[in-house]
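To start, the structure itself, in structure tokens.
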Amino acid sequence: MSTETEPCCELLPWDTDFFGCRVGRLRTETLANDQVLKVDEWSRDNHIRCLYFLARPDDPATLRTAEAYGFGLVDVRLTLERRVRPAEVPTRRDPPSDAVIRPARREDLPALQAIARTAHGDTRFFNDVHFPRPRVEELYSVWITLECEGRAQKVFVAAGPAEQPLGYISCHRDPSQDKGRIGLVGVAAEARGKGLGSSLVLTAIDWLAAQGAKEIAVVTQGRNVPAQRLYQTCGFLTGNLRLWYHKWYG
């Protein structure tokens with residue numbers, strides 16, 4: 001897991017600053033009994049409060065070790081992938097008659113932040129009771145803010161009557177690998193089940209394909225079955241599965 005010159009874990013400065021406690025992460029996806037002492041020693045030396053571990057599910061020894069030494073399972077991380085076929089016909093589906101899909105605008109941000117606070121309750125941070133819920137809600141508010149301010153190459157909004165934002169999707173493009181990625185997807189509670197999610201995802205597929213992406217990936221949670229079905233109906237297939245563990249110290 002580690003070498004003489006490379007530590008077994010790494011400090012996560014952004015998470016540390018945001019949550020107000022020292023947060024780190026294991027550098028690998030496997031864990032053996034003889035490595036746990038090094039992990040705990042590094043965590044003590046770096047005053048770690050929470051340690052993330054993204055584990056492979058096909059290594060029973062890793063899972064036994066994690067559970068035996070205080071790591072708690074908080075999420076099943078599912079990555080879905082979709083290939084973009086050459087000369088593929090655009091897939092965009094018209095949204096409901098009283099809504100429109102358009103690029104995000106600066107004035108949309110307060111409404112998008114409000115949606116983000118309630119749209120991601122299936123994620124690992126909400127599932128870990130050690131994180132205060134108001135702080136986790138703020139995490140996703142900050143996340144969509146950063147996406148709109150340039151971290152994502154494109155953000156689309158589903159807008160209803162009077163241009164009120166009802167949902168969003170962010171798009172990331174990696175030209176060096178001909179790959180695209182869907183980032184954050186959220187729909188307001190009162191607008192769910194009306195086809196806005198499908199319209200947003202298909203719009204993102206078309207935009208990423210037009211930018212030259214030959215493969216598109218998206219991550220969701222194992223407990224979020226509606227999201228999985230949405231992506232599957234849009235042509236995505238399961239790429240890989242990982243397990244998120246958190247270990248709390250002190």
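Taken together, the values in this text are just the output of simple stated rules run on the coordinates, not laboratory data. On a predicted model such as this, the values are computed, not experimentally measured, just so you know. Cβ sites come from the backbone with ideal geometry, for glycine too, and all protein chains shown count toward neighbours.
Against the main long axis of the alpha-carbon atoms of the chain, helix 133-146 sits at an angle near 60°. Placing dummy labels 7 Å off each Cα toward the beta-carbon, the span from Leu146 to Ala189 is 2.6 nm. A Förster distance of 45 Å, applied to the separation of the beta-carbon atoms of Glu67 and Asp206, puts the FRET efficiency at 0.55.
Given R₀ = 45 Å, what would the calculated FRET efficiency be for Gln232 paired with Glu138, taking r from the Cβ atoms and rounding to 0.05? Can you show the working numbers first?
Working: r = 31 Å, r/R0 = 0.69.
The computed FRET efficiency comes out at 0.90.
Within the set (i) -0.66, -0.89, -1.21; (ii) -0.73, -0.81, -1.04; (iii) -0.59, -0.84, -1.32, the number that log10 I(q)/I(0) by the Debye sum over Cα atoms at q = 0.11, 0.13, 0.16 Å⁻¹ takes when calculated for this structure is listed as (i). Considering only Tyr69, Val36, Val155, the residue lying farthest towards the positive end of the dipole of the chain is Val155, judged by Cα position with unit charges set on Cβ. Of all lysines in the structure, the ones whose alpha carbon falls short of 16 Å from that of Lys247, not counting any fewer than 8 places away in one chain, are Lys38. Length gained on full extension, Arg83 to Gln177: 32.5 nm, using 0.36 nm per residue less the C-alpha separation.
Find, among the chymotrypsin sites (Phe, Trp or Tyr not before Pro) in region 190-250, those assigned to loop by DSSP (not H, G, I, E, B) with at most 16 other beta-carbon atoms within 10 angstrom. Don't skip to the end; give the middle numbers.
Numbers: sites: Trp207, Tyr231, Phe236, Trp244, Tyr245, Trp248, Tyr249; in loops: Phe236, Tyr249.
Passing sites in region 190-250 are Tyr249.
In straight-distance terms, cross-link reach from Lys214 covers every one of the aspartates and glutamates whose alpha-carbon lies under 13 Å from its own, apart from those fewer than eight places away in the same chain; here that gives Glu81, Glu88, Asp174, Asp178, Asp206.
Across region 167-182, coupling constants 3J(HN,Hα) worked out from phi with the 6.51/-1.76/1.60 Karplus curve, θ = phi - 60°, read x, 8, 8, 10, 10, 10, 10, 10, x, 5, 10, 6, 10, x, 8, 8 Hz, and Gly and Pro carry x.
Add +1 for every Lys or Arg and -1 for every Asp or Glu among the other residues with Cβ under 15 Å from the Cβ of Pro13, and state the total.
Values: positive: Arg22, Arg25, Arg49; negative: Glu10, Asp15, Asp17.
Net local charge, Pro13 excluded: 0.
Which one of Leu200, Gly24, Tyr245 is farthest out on the positive end of the charge dipole of the chain, using unit charges on Cβ (Lys, Arg +1; Asp, Glu -1) and the Cα centre as origin? Most positive-ward Cα: Leu200. 3J(HN,Hα) along region 112-124: 5, 4, 5, 5, 4, 5, 10, 9, 10, x, 8, 7, 5 Hz, from the Karplus curve 6.51 cos²θ - 1.76 cosθ + 1.60 with θ = phi - 60°, whole Hz, x for Gly and Pro. Around the amide H of Leu184, modelled in the peptide plane, lie the amide H atoms of Ser170, all under 5 Å away and 5 or more residues distant in sequence or on another chain. Given a Förster distance of 41 Å, report the FRET efficiency between Thr30 and Lys214 from their Cβ-Cβ distance, rounded to the nearest 0.05. In this case the efficiency is close to 0.85. Rounded to the nearest 20, the size of the Cβ-charge dipole of region 81-239 about its Cα centre is 320 debye, with Lys and Arg at +1 and Asp and Glu at -1.
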